[in-house]
Each structure stands twice: as structure tokens, then as C-alpha cells.
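First up is the structure itself, then whatever we jot down about it.
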Amino acid sequence: MPPVELMSALSHPIVIAHRGASGYAPEHTLASYFIAIQQGADYIEPDLVVTRDGVLVARHENEIGGTTDVVGRSEFADRRTTKAIDGVSVTGWFTEDFTLEELKSLRARERIPDLRPGNTRLDGRLEIPTLEEILALVRGVEEQRAVRARGLGLAPPEPIGVYPETKHPSYFAGIGLAMEERLVGTLERYGYRGPDGGAFLQSFETGNLQVLHRLTKLPLVQLIEATGAPYDLVAKEDPRTYADLAARAGLEEIAAYAAGIGPAKSLVIPRDGEGRLTRPTPLIADAHAAGLKVHPWTFRAESGFLPAGVDLEGELREFLAAGIDGFFTDQPDVGVSERDAHLVSGSSERSAK
Ligand code: G3P
Ligand code: CA
């Protein structure tokens, strides 16, 4: 039997800071990412959209009315418009109608102030970051940590991973702002390349992951919603749904271009009619049989997001025991603590055998 340390390393679930430490600061800001890094997240997650001048910036969607102060900015009042985004009519302000310089004049706001009133202390104070600025932040922290470790005669610290998601890739390609080469090019400039390159790239669509598979050896993750179908498949009238992707045959197809899946957590452990967690589905075992990692989303501490009868710690314990390989969370501190407790308890059980 390999040593306990090796077994732990082989089954070490990763903590992915969802939109940064978005439970503690407005999502997709350098403050949110920095807090996540300090809390020990293994990866930070920027969702990416594109500006009019072709720059990748971190926002959950290209409509920015809900997460910036653009609504009150009279100089941009005439940018308000209605568009069809992935087949849905959306009214507001869109990143692709702003240059980077214009977007940089806006300030971020908390998306869910009623649930996270503490985060509003930072409303109006933080910029929308570019992907490049996020990578520079990571590099800066890594350099500082390396200097400190060297000074103390310690081993080099673990690198901080990035886990970018392309948002609305078909839509952006359709308006001449395709994301894939921009993303791979920016990551390569910062040294992210190869299957162990410190980054996972994710998408809810399938076609752009196949494009990325040709452009990079970085591992890719197919996101899977609990319902519906990938928009690129809908657009070309391909009848396959997310449920088809999550079935064994679908997982085999995903394994041809991706290293993992990112399923909605209800696909891993569903809830009963009273909102309590039930038994794990076969998804983890099926994905592992296809050679795929499983990184479900999204684990959040506020009660409205939790299963009945457990707190975030309890929910994470159930999912870790089910065998997930990592998870997206808005509270990376809780995630790290529960992941580490899981590793320690696994080590003790193995030592006792
Ligand atoms: O990317 C994994 C998870 O973040 C998907 O959900 O909507 O928060 O991007 P969303
Ligand atoms: Ca995401």
C-alpha cells in the first residue's frame, strides 16, 4: 500500500473559489480573488466576457446592470438596450458595448445585497478586473510567498491555480469577439500551459471546449446544468441535452475533449421533497469510469442555498464522502477547512486498517 501521504495527494479534492471569495466581497473583483487566495483556495474562478475592444474581463454575464454602478451613470444611459443572449431577451448594459477604458470607469456592486449586506461596504470602490490583472495578482502573491519561503528555508509554496469560464462563447463568436484564442493566448503569456499547467478551462457549451481542445493542452471541464441543453447544441438543433451529457455515453463523448465535468450539485446528490440530501446518484462513479474528474457547484453558506437540516460544513462532508474531486464555493475558508478535515479523517481511517 502506498504511504498515507501519497494516497492523500492522489485523492486531494480541490477548493475552487467561486467568483473569488464572493461570500465576503463583491464577486469578480481583485479583492474577492485576493481574499480567496489568502483563505487557501487552490483555484480562483473568473467568469469571462469580452469588451468592445476585445479584452477578457471578469463578470458572470455580459449584462452588467446588476453588478456595477452603470445604472446611475448618466453618460452611459444611451447604452441601455435589449438583446437576445442565448435565445433569451435581456435588457440592460452589455460589456461588448463598452471599451475597456469605459468599463474601468465603472465600479462593482454586490449582486445580492439582501443576503450579503456586509459585502456592500465595498460597493463603488472596486474595478472590473481584466483576466490579465487577475493573473498578475496571482503571480504577485506567488512571488511574495516564494520570497518568504526562501527566507525561512522552507519548500516552495504550492502554486495558486486559475479556473476561468467562458460565458456565452457562441454569442461572442457571433459578434466577432471569439474568446478562445484570446483566453489561451493570455494564459500562455503567464505560463499556463500543459495538462498540469495550473489552470482548468470550463464552459456550459460543448463546441467551444472542442475548439479549446485543439488550441491548448490545459485540462478542460464540461459544465452540466440540472436541466436544459448547451446553447450551442440548441442553436444548431442538435437534440442532445445536459441529461444526455451526464449519461454514460455522454460522459464517454466528453472524455474525448475534457478532463472533467462540473455538474450542478443536485446531479450528484439530489434533495427530497423536504429539501434534505438523499443518496448520491451514479454520476461520480460513471464519470470516474470515463476518466473524468467531478467538480460540482455551488456550495454557499447562506441558508437559502443549503439543503434542509445541514450547514455548509455538513453539506460539504456529504459531498466529499461521496467522492467528488473538488468543488466550487463562495466561502473558500469553510471549503478548505472541511476539505482538510476530510483528508485527515481519511488518513486516520486508512491508518487504523
Ligand atoms: O462554473 C461553475 C459554476 O460557477 C457555474 O455556475 O453560473 O456561477 O457560473 P455560474
Ligand atoms: Ca462560473
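The values are calculated or read from the model by the stated rules, or taken from the named source; none is laboratory data. The structure presented is a predicted model; accordingly, all values stated were derived computationally and were not measured. Counting neighbours? That spans all protein chains shown, and the Cβs are built from the backbone with ideal geometry, glycine included. Heavy atoms of the whole protein, side chains included, go into the accessibility calculation; ligands, DNA and RNA do not. Shrake-Rupley method; radii C 1.70, N 1.55, O 1.52, S 1.80 Å.
Every residue, every condition in (1) within 16 Å of ligand 2 (Cβ to nearest atom); (2) in contact with a Leu (Cβ under 9 Å, 6 or more places away or on another chain), yes or no:
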position: 46; (1), (2): yes, yes
position: 101; (1), (2): no, no
position: 112; (1), (2): yes, no
position: 118; (1), (2): no, no
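With respect to residue 90, determine if the residue is of a type in the set (A, V, I, L, M) and in contact with an Asp or Glu (Cβ under 8 Å, 6 or more places away or on another chain). Before the answer, list the steps.
Working: of a type in the set (A, V, I, L, M): yes; in contact with an Asp or Glu (Cβ under 8 Å, 6 or more places away or on another chain): yes.
Yes; evaluated as a whole, the condition is true for this residue.
Filter the stretch 224-250 for residues that are outside any loop (DSSP other than H, G, I, E, B) and within 16 Å of ligand 2 (Cβ to nearest atom) and give the result. Passing the criteria: 224, 231, 242.
Yes/no per residue for (1) closer than 14 Å to residue 219 by Cα; (2) of a type in the set (A, V, I, L, M, F, W, C):
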| position | (1), (2) |
| --- | --- |
| 146 | no, yes |
| 150 | no, no |
| 165 | yes, no |
| 185 | no, no |
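Inside the stretch 60-84, residues that are more than 18 Å from residue 122 (Cβ to Cβ) and within 16 Å of ligand 2 (Cβ to nearest atom) make up a count of 3. Residues that are within 16 Å of ligand 2 (Cβ to nearest atom), at pLDDT 95 or above, closer than 29 Å to residue 261 by Cα and under 22 Å from the mean Cα position of the chain (by Cα) do not occur anywhere in the stretch 3-13. Among the residues in the stretch 311-321, are any touching a residue at least 40 places away in the same chain (Cβ under 8 Å) and within 16 Å of ligand 2 (Cβ to nearest atom)? Looking for residues that are touching a residue at least 40 places away in the same chain (Cβ under 8 Å) and within 16 Å of ligand 2 (Cβ to nearest atom), one finds none in the stretch 311-321, hence no. A count restricted to the stretch 231-254 and to residues that are in contact with a helix residue (DSSP H, G or I) (Cβ under 7 Å, 6 or more places away or on another chain) and not hydroxyl-bearing (Ser, Thr, Tyr) stands at 10.
State whether one or more residues within the stretch 134-149 are assigned to a loop (DSSP other than H, G, I, E, B) and over 24 Å from the mean Cα position of the chain (by Cα). Step through it out loud before you land on a result.
Restricting attention to the stretch 134-149, the residues satisfying the condition of being assigned to a loop (DSSP other than H, G, I, E, B) are none.
Within the stretch 134-149 (the criterion being assigned to a loop (DSSP other than H, G, I, E, B) and over 24 Å from the mean Cα position of the chain (by Cα)), the answer is no, since none of the residues qualifies.
When each of 20, 40 is tested for being within 16 Å of ligand 2 (Cβ to nearest atom) and either free of Cβ contacts under 8 Å to residues at least 12 places away in the same chain or within 30 Å of residue 157 (Cβ to Cβ) (or both), the lone residue that passes is 20.
From 77, 149, 155, grab the single residue that is among the small types (Gly, Ala, Ser) and open to solvent by less than 30 Å² (accessible area, probe 1.4 Å). Even if it seems obvious, please write down each step before you answer.
Numbers: 77 fails: open to solvent by less than 30 Å² (accessible area, probe 1.4 Å); 155 fails: open to solvent by less than 30 Å² (accessible area, probe 1.4 Å).
Just one listed residue meets the conditions, 149.
Would you confirm whether any residue within the stretch 230-247 is aromatic (Phe, Trp, Tyr) and surrounded by fewer than 19 Cβ atoms within 10 Å (Cβ to Cβ)?
The initial filter retains those residues of the stretch 230-247 that are aromatic (Phe, Trp, Tyr), namely 231, 242.
Those left that are additionally surrounded by fewer than 19 Cβ atoms within 10 Å (Cβ to Cβ): none.
Scanning the stretch 230-247, I find no residue that is aromatic (Phe, Trp, Tyr) and surrounded by fewer than 19 Cβ atoms within 10 Å (Cβ to Cβ), so the answer is no.
Residues in the stretch 113-129 that are under 24 Å from residue 162 (Cβ atoms) and open to solvent by 10 Å² or more (accessible area, probe 1.4 Å): how many? Of the residues in the stretch 113-129, 5 are under 24 Å from residue 162 (Cβ atoms) and open to solvent by 10 Å² or more (accessible area, probe 1.4 Å).
Scanning the stretch 24-63 for residues being away from ligand 1 (no atom under 14 Å from the Cβ), among the polar types (S, T, N, Q) and in contact with a helix residue (DSSP H, G or I) (Cβ under 7 Å, 6 or more places away or on another chain) gives a total of 2.
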